[in-house]
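Contents: one structure, followed by commentary.
Read-outs throughout are calculated quantities, based only on the coordinates presented, and are distinct from any laboratory measurement. Owing to the predicted nature of the structure, the values given are computational and were not obtained by experimental measurement. A quick note on method: Cβ atoms are made from the backbone with ideal geometry, for glycine too, and the neighbour counts reach across all protein chains shown.
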C-alpha cells in the first residue's frame, strides 16, 4: 500500500520567514495530496490540496508544489506568523481509493 | 460547515473491558474513517466505511471492530481493551469524489489502565 514519509519532524522559523515541509510518497497511482493542520490540543482541519494534473497550487500564503517524477510534494508557507505554529500533516490518495495515507506530521514553531 | 461529533471526549477503561467510541456526522458524507494518533506514528487508519452497512479494514485493524448502522453513525469497538490501545482517536467523514477532503471530529482521548 501507499507510504507517505514526512521528512521534517520539527521545524523552527522566525516570524516573517518562510517554512517548507517536504513529503514523499510511494504509489505512482496517487493523484490527490491534501494538507491538514492541527493546532495545539485541537483536531485537524484541511488547509490546502493539490491534484496530480497540476504541479503548483497557491492559496494566500500557502503554496503546494508537486513533482510526480520524484514522487515528492511540499508545502511552502511565506511570511510566517505565530498562528501558523501547529502540526502539519501531508497525505496522499490514489484515484479510486478513498483512503488517504498520512505522514507522521511536522511540528512547525514560529518564533516571534 | 461540516460537523463531526465524537463521544465520549475522554474515556478511562480497564484492561479487558469493552469500549465503544461513537461518531456522528451531519454532512451526509458517504465515507467515514477512524484514525488513531500516537507520537512518532502520526495518524494511522483503523477502519473506514463507504456507506451504511459497510466497513473496511484499514492499516491497523487488529483489536478493533467497526460498525456503520446508518449514514450518520460510525462506531469503533474495542472488545477487549489493552493498554497498547491508549491513544487519541479521531473520526472523520468525507465525500466520494475527486477531492475527498476529510472533516475531523474533536477526538477521543482513551486511556486503558
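Sort chain B into rounded, prolate or oblate with this rule: let a ≥ b ≥ c be the square roots of the eigenvalues of the Cα gyration tensor; rounded if a/c is under 1.5, and if a/c is not under 1.5, prolate when a/b is larger than b/c, oblate otherwise.
The shape class here is prolate.
Taking the Cα-to-Cβ direction at residue A:40 and at residue B:111 and moving 7 Å from each Cα, how far apart do the two end points lie in nm?
Here the modelled spin labels are 2.1 nm apart.
Points 7 angstrom from Cα along the Cβ direction at residue A:109 and residue A:78: gap in nanometres?
With each label point 7 Å from Cα toward Cβ, the separation is 2.7 nm.
If packing is taken as the mean number of other Cβ atoms within 10 Å per residue, what is the order of B:63-72, A:25-34, highest first?
On the way: B:63-72: 16.4, A:25-34: 18.1.
Going by the mean number of other Cβ atoms within 10 Å, highest first, we get A:25-34, B:63-72.
If R₀ is 30 angstrom, what is the calculated FRET efficiency for the pair residue A:55 and residue B:82, using the beta carbon separation as r and rounding to 0.05? All intermediate terms of the calculation are to be shown ahead of the outcome.
Details: r = 45 Å, r/R0 = 1.50.
About 0.10, to the nearest 0.05.
Return the average number of partner chain Cβ atoms within 10 angstrom of each residue Cβ along peptide A:44-52. All intermediate terms of the calculation are to be shown ahead of the outcome.
Details: counts 10, 5, 7, 0, 0, 3, 0, 2, 0.
Partner-chain Cβ atoms within 10 Å, mean over residues of A:44-52: 3.
So if each residue of separation counts as 0.36 nm, and I subtract the Cα-Cα distance between residue B:57 and residue B:12, what length gain in nm does that give?
Working: separation 45, 0.36 × 45 = 16.20 nm, distance 2.51 nm.
Gain in length upon complete extension: 13.7 nm.
Using 7 Å Cα-to-Cβ label points, what is the residue A:14/residue B:20 separation (nm, one decimal)?
Roughly 5.6 nm, to one decimal.
Take the alpha carbon atoms of the protein assembly as shown, find their radius of gyration, then divide it by 2.2 N^0.38 Å using N residues; give the quotient.
Details: Rg = 17.5 Å, N = 225, 2.2 N^0.38 = 17.2 Å.
My calculation over the Cα atoms of the protein assembly as shown gives 1.01.
Would you mind calculating the relative contact order of chain A from Cα pairs under 8 angstrom and at least 6 residues apart, reporting the percent as a whole number?
On the way: 286 pairs, mean separation 41.4, N = 112.
Across chain A, relative contact order equals 37 percent.
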